[in-house]
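Chemist: The structure that follows is given in the form of structure tokens.
Nothing in this text is a laboratory measurement; each read-out follows from the coordinates by a stated rule. This structure is a prediction, so every number in the text was calculated from the model and none was measured. A quick note on method: Cβ atoms are made from the backbone with ideal geometry, for glycine too, and the neighbour counts reach across all protein chains shown.
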Amino acid sequence: MKRFRPLSPRSWFRSDSAGVPTAPTRADAAIQMYHCSKSYLAGSFALRDVSLEFGRGEFAFLTGPSGAGKTTLLELLFGAEHPSEGQIVVLGRNISRLGTAAVPRLRRRIGVVFQDFKLLPRLTVEENVALALDVLGTPRREARAKVFATLKQLGLQHRRYHHPLSLSGGEQQRVAIARALVNEPEILLADEPTGNLDADLTLEIMDLVVSTALRGTTVLVATHALSLVDRYAKRAVRLEAGRVTEDHRPVGGAA
Ligand code: ADP
């Protein structure tokens, strides 16, 4: 559902003679970054002149060694950090021009999954997932139905009254994914979602995350695990020292 009137494309960007697109090149883009840099400390850059575009329903890995800028890039897309330079358009909204009320509204359309799950230990599985809807003011009956459907989809319905710490690591991460997906986000951002899991659970969780893109959600997964990237044959954007050094798309162009 589109909740916002998109800005006029001409108002988004200044013209640029360097040959990098200065206006949206795809009508179906979910994420557009133009010449984005991020500097936390004067003189050093976590991201440097990054221009990338991701389509609706596209799946992409962000790869690169620790410190390459993967988390920073995801944080910029989520509005958790602001670019020092450049423009970012997410779901038709220019993030740097959003007022304080508009940022939370945009975030509601984005699901986020972290390596360390970030579940609340005192709440049950069901309550952890429902929290994502409570903050949106979703009516209780509708919220219950959505939570149940999402837990079922992720094979967690029998765990709904359990507390997170009584679950395995793979189950905890599935709860975190359920929480990120329960509001049917248009974008899912996952930062090393399998970093704390063993090899079997890693594949289980990755299969789940990859399948999310098949339902039309744009999915970005940051990982330094190249074996995963090879296994799934998806678009892979490599960052090194804050710069994009490769943008590899699978043969045939499948997202
Ligand atoms: P990755 O996710 O690829 O490991 P990060 O985005 O976490 O990379 O970090 C990129 C660079 O930015 C690193 O040099 C890191 O030390 C620095 N950095 C990240 N967050 C901050 C912060 N909040 N303050 C200062 N420097 C930071």
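Chemist: Quick one: divide the alpha-carbon radius of gyration of region 119-191 by 2.2 N^0.38 Å and tell me what you get.
Modeler: Numbers: Rg = 11.3 Å, N = 73, 2.2 N^0.38 = 11.2 Å.
Here the answer is 1.00, to two decimals.
Chemist: Another question, then. Tell me which aspartates and glutamates have Cα within less than 12 Å of LYS70's Cα, excluding those fewer than 8 residues away on the same chain?
Modeler: Filter leaves ASP191, GLU192, GLU240.
Chemist: Translational diffusion coefficient of region 48-95 at 20 °C, 1.002 mPa s, Stokes-Einstein with Kirkwood Rh over Cα pairs, in µm²/s as a whole number. Working shown, then result.
Modeler: Details: Rh = 11.9 Å.
Rounded to a whole number, D works out at 180 µm²/s.
Chemist: Where nothing but the Cβ of Lys and Arg (+1) and of Asp and Glu (-1) is charged, how large is the charge dipole of region 22-143 around its Cα centre, in debye to the nearest 20?
Modeler: Working: 15 positive and 12 negative charges, 57 e Å.
The calculation lands at about 280 debye.
Chemist: Given N residues in region 169-241, what is its alpha carbon radius of gyration divided by 2.2 N^0.38 Å? Write down the numbers at each step before the final one.
Modeler: Numbers: Rg = 12.0 Å, N = 73, 2.2 N^0.38 = 11.2 Å.
With N residues counted in region 169-241, Rg over 2.2 N^0.38 Å equals 1.07.
Chemist: Right, another one. Please check: in the Gaussian network model of the chain (C-alpha springs, under 10 Å), which one of LEU62, LEU74, LEU203 has the largest mean-square fluctuation.
Modeler: Its mean-square fluctuation being the largest, the pick is LEU203.
Chemist: Another question, if that's okay. Need one number: the % of Cα-Cα pairs in the chain sitting beyond the 29 Å mark. Intermediate results must be reported in sequence, preceding the final value.
Modeler: Values: 9866 of 32385 pairs.
Percentage above 29 Å: 30.
Chemist: For region 22-83, would you read off the P(r) tail past 15 Å as a percentage of all alpha carbon pairs?
Modeler: Working: 1041 of 1891 pairs.
Every Cα pair in region 22-83 considered, those over 15 Å come to 55 percent.
Chemist: When DSSP beta bridges are limited to those with both residues in region 30-188, what percentage is antiparallel, rounded to the nearest 5? Don't jump to the answer; show the numbers that get you there.
Modeler: Details: 13 of 15 bridges.
Approximately 85 percent, going by the DSSP bridge assignments.
Chemist: Another one. Taking 0.36 nm per residue of sequence separation and subtracting the Cα-Cα distance, how much length would be gained by fully extending the chain between VAL103 and GLU204, in nm to one decimal?
Modeler: Details: separation 101, 0.36 × 101 = 36.36 nm, distance 3.24 nm.
Here the answer is 33.1 nm.
Chemist: At SER84 and LEU136, where each label point lies 7 Å from the Cα along Cα→Cβ, what is the point-to-point distance in nanometres?
Modeler: Inter-label distance under the simple model: 3.6 nm.
Chemist: Sorted from largest to smallest, which semi-axis lengths in Å does the alpha carbon gyration tensor of region 51-157 give for its equivalent ellipsoid, taking the root of 5 times each eigenvalue?
Modeler: Numbers: eigenvalues 163, 66, 38 Å².
Its equivalent ellipsoid spans semi-axes of 29, 18, 14 Å.
Chemist: In square nanometres, what is the average projected area of the Cα convex hull of region 109-255? Walk me through the intermediate numbers first.
Modeler: Working: hull surface 37.4 nm².
The orientation-averaged projected area of the Cα hull of region 109-255 comes to 9.4 nm².
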